[in-house]
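Heads up: the structure comes next, in structure tokens.
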Amino acid sequence: MKQKILILHGWGGSDFPHWQSWLSGEIAKDYGCVSFLKLSNPDFPNKNEWIEELTEELKNFKPNIVVCHSLANILWFHLCNELKITKIEKLFLVAPPSLECKVEELKSFFPCKIPTNLYAKEALLVASTNDPYMSLDEASLLASSLGVEMVILQNAGHINTDGGYGEWPWMLEEIKNISQ
């Protein structure tokens with residue numbers, strides 16, 4: 001079965017040269033089926049609007065793999081807590097922010113409770129030792145609470161362009177390994 005990969009950006013989007021933009025292009029180059037959903041108003045996001053847009057995309061695109069970065073993780077958590085959604089094969093939770101985030105522009109997303117069901121057969125949390133939006137201790141606690149494995153990147157910041165993540169071959173390989 002051909003995999004369908006949905007990529008979800010966080011606050012501010014993930015335009016080139018961000019790894020999500022690169023990943024989308026790499027998947028498409030191999031004739032992979034990818035949706036890099038541009039959520040509305042990424043600099044001043046609204047949880048209810050993003051939930052509506054994501055719900056519509058899930059219904060129409062029907063992905064097998066979802067790759068979340070930053071605020072998209074919190075969006076996924078809200079969707080899991082509020083709605084029953086179709087289970088996917090694999091969920092990547094990359095650089096989630098603290099569930100106690102106090103950034104004014106993101107206030108509609110918080111507080112957020114940890115979901116009891118991620119609607120994924122398998123999930124992986126990817127965190128950095130020096131992410132300014134979530135400490136490694138918080139990430140470890142989150143992974144444990146979710147019952148998922150965690151990969152720790154050394155000094156990768158928020159795992160974005162500023163942290164050196166334009167191209168990210170590891171993530172592409174992870175997805176290709178699922179697709180085989």
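The values are calculated or read from the model by the stated rules, or taken from the named source; none is laboratory data. Since we're looking at a predicted model, the values are computed, not measured. Note that each Cβ is placed from the backbone with ideal geometry, even for glycine, and that neighbours are counted across all protein chains shown.
Annotations for the structure displayed:
- K87 without any contact (Cβ under 8 Å) to a residue 60 or more places away in the chain, more than 23 Å from I27 (Cα to Cα) and in contact with a Phe, Trp or Tyr (Cβ under 9 Å, 6 or more places away or on another chain): no
- Every pair of residues 6+ apart whose Cβ atoms lie under 6 Å, when the first sits in region 34-56 and is under 20 Å from K4 (Cβ atoms) while the second is small (G, A, S): V34/S24; V34/A28; F36/S24
- Of all the numbered requirements in (1) acidic (D, E); (2) in a loop (DSSP other than H, G, I, E, B); (3) more than 22 Å from P169 (Cβ to Cβ), D15 misses one, and that requirement is (3).
- E122 meets all of the listed conditions (1) charged (D, E, K, R); (2) under 23 Å from W50 (Cα atoms); (3) under 16 Å from the mean Cα position of the chain (by Cα) but one, namely (2).
- Some residue of region 123-130 being in contact with a Leu (Cβ under 7 Å, 6 or more places away or on another chain), modelled with pLDDT of 95 or more, among the polar types (S, T, N, Q) and surrounded by fewer than 21 Cβ atoms within 10 Å (Cβ to Cβ): yes
- Against the numbered list (1) among the polar types (S, T, N, Q); (2) in a helix (DSSP H, G or I); (3) at pLDDT 95 or above; (4) surrounded by fewer than 17 Cβ atoms within 10 Å (Cβ to Cβ), N177 comes up short only at (3).
- Residue in region 153-162 that is in contact (Cβ under 8 Å) with a residue 12 or more places away in the chain and acidic (D, E) present: no
- Residue selected from region 70-121 under the condition in a loop (DSSP other than H, G, I, E, B) and polar (S, T, N, Q), by the criterion surrounded by the most Cβ atoms within 10 Å (Cβ to Cβ): S70
- Qualifying residue in region 100-117 (condition: closer than 22 Å to S40 by Cβ and of a type in the set (K, R)): yes
- Residues of region 120-145 that turn out to be over 25 Å from S21 (Cβ atoms) and either polar (S, T, N, Q) or in contact (Cβ under 8 Å) with a residue 40 or more places away in the chain (or both), as a count: 6
- Number of positions in region 8-23 that are within 23 Å of H78 (Cβ to Cβ) and free of Cβ contacts under 8 Å to residues at least 60 places away in the same chain: 3
- Count of residues meeting criterion [among the hydroxyl-bearing types (S, T, Y) and surrounded by fewer than 16 Cβ atoms within 10 Å (Cβ to Cβ)] in region 1-54: 2
- Every residue from region 53-69 that is more than 19 Å from L172 (Cβ to Cβ) and either more than 13 Å from the chain's Cα centre (by Cα) or not in a helix (DSSP H, G or I) (or both): E53, T55, E56, E57, L58, K59, N60, F61, K62
- K62 being farther than 27 Å from E167 by Cβ, crowded, with 17+ Cβ neighbours inside 10 Å and touching a residue at least 12 places away in the same chain (Cβ under 8 Å): no
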